[in-house]
1. With a cut-off of at least 2 residues that are closer than 24 Å to residue 203 by Cβ and among the basic types (Lys, Arg), name the strands (runs of 3 or more DSSP E) lying wholly within segment 71-177.
2. Do we have any residue at all in segment 184-191 that's over 15 Å from the mean Cα position of the chain (by Cα), surrounded by fewer than 21 Cβ atoms within 10 Å (Cβ to Cβ) and not aromatic (Phe, Trp, Tyr)?
3. Is there a residue being closer than 22 Å to residue 197 by Cβ, among the β-branched types (Val, Ile, Thr), modelled with pLDDT of 95 or more and open to solvent by 10 Å² or more (accessible area, probe 1.4 Å) anywhere in segment 96-107?
4. Need the failing condition index for residue 45 against (1) more than 18 Å from residue 219 (Cα to Cα); (2) over 18 Å from the mean Cα position of the chain (by Cα), just the number.
5. Looking at segment 205-219, I want the residues that are without any contact (Cβ under 8 Å) to a residue 40 or more places away in the chain and more than 11 Å from residue 24 (Cα to Cα) and have a partner that is assigned to a loop (DSSP other than H, G, I, E, B) and among the β-branched types (Val, Ile, Thr) with Cβ atoms under 9 Å, at least 6 apart or on another chain. Which pairs are those?
6. Tell me which residues, restricted to segment 220-252, are acidic (Asp, Glu) and at pLDDT 95 or above.
7. Restricting attention to segment 205-242, which residues are in a strand (DSSP E or B), under 17 Å from the mean Cα position of the chain (by Cα) and among the basic types (Lys, Arg)?
8. Counting only residues that are closer than 17 Å to residue 5 by Cα and without any contact (Cβ under 8 Å) to a residue 24 or more places away in the chain, which one in segment 29-70 is surrounded by the fewest Cβ atoms within 10 Å (Cβ to Cβ)?
Amino acid sequence: MCRHIGYLGPPVSLDALLLSPEHSLLEQSWAPRDMRSGGTINVDGFGVGWYRDTAPEPARYRTARPLWTDTSFTELAGEVSSGAVLAAVRSATVGMPVVDTACAPFTGDRWLFSHNGRVDGWPDTLAKPAAELDVVDLMTLDAPTDSAVLWALLRQRLRRGHEPEEAVARLMGEVLAESPGSRMNLLLTDGTALIATTWWHSLWVREAGESVTLSSEPFGPQQDWTEVPDRSLVVADTTGARVIPLSELDVC
């Protein structure tokens, strides 16, 4: 049911963040530890987005190949460094396509977005929320998947000027009202902050000096990590992370 990572801090190579550490995202693609009955492996593609000083919008690499088979990315990862990264490996929900464009991160404007989970009862349960989308947004979805629709709904809120935390929390409430059994770990960044949720799936936070990392599973030294309680909203930047119970926001 996917694994994802968000990082903010001093520039680090993609290799050092995603491939080399103990139980890295690479290992989580074939040997995850905490899928909570949401699949067994994450082999239906992966994606990485990172921010650059030379451009206002993030760069992105994604493919439907398993992470461990992509030697081109392995070579790239050692050469690219960034202080803001969002990456994910995918376990496709049965019935959804396994194509490059179905892989997170999704992007638009300055944002990167990932969804770890599934919308229960797809596509019927997203029909009502999706009816509010602009027709062009519907026609240009990256893929016919629940995650792509969630991104379109969230992006619409962001473009209307909603604060990111509010946009994420209210999207959660809207979807869960239609589909209470959904798994809704969301992760959003603009390169300066990370906004994440936990709803059925695991999430951990690591605050280390001037950096903060959110990850579905800990990697590297295990003592550096703190588990985020289920049904929480996390707002993090390089000064630290705040964890807010979603029940306090009156949206879920």
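1. Here the list is empty.
2. So far as segment 184-191 goes, no, none of its residues is over 15 Å from the mean Cα position of the chain (by Cα), surrounded by fewer than 21 Cβ atoms within 10 Å (Cβ to Cβ) and not aromatic (Phe, Trp, Tyr).
3. yes
4. (2)
5. Pairs that qualify, where the first residue is without any contact (Cβ under 8 Å) to a residue 40 or more places away in the chain and more than 11 Å from residue 24 (Cα to Cα) and the partner is assigned to a loop (DSSP other than H, G, I, E, B) and among the β-branched types (Val, Ile, Thr), are 205/228.
6. Hits for segment 220-252 are 227, 230, 237.
7. Within segment 205-242, just 206 meets the criteria.
8. Going through the qualifying residues, I end up with 31.
The values are calculated or read from the model by the stated rules, or taken from the named source; none is laboratory data. As the structure is a prediction and not an experimental result, all values here were calculated from the model. All Cβ positions, even for glycine, are placed from backbone atoms using ideal geometry, and neighbour counts span all protein chains on display. Heads up: the accessible areas ignore ligands, DNA and RNA and are worked out on the full protein's heavy atoms, side chains in. Shrake-Rupley method; radii C 1.70, N 1.55, O 1.52, S 1.80 Å.
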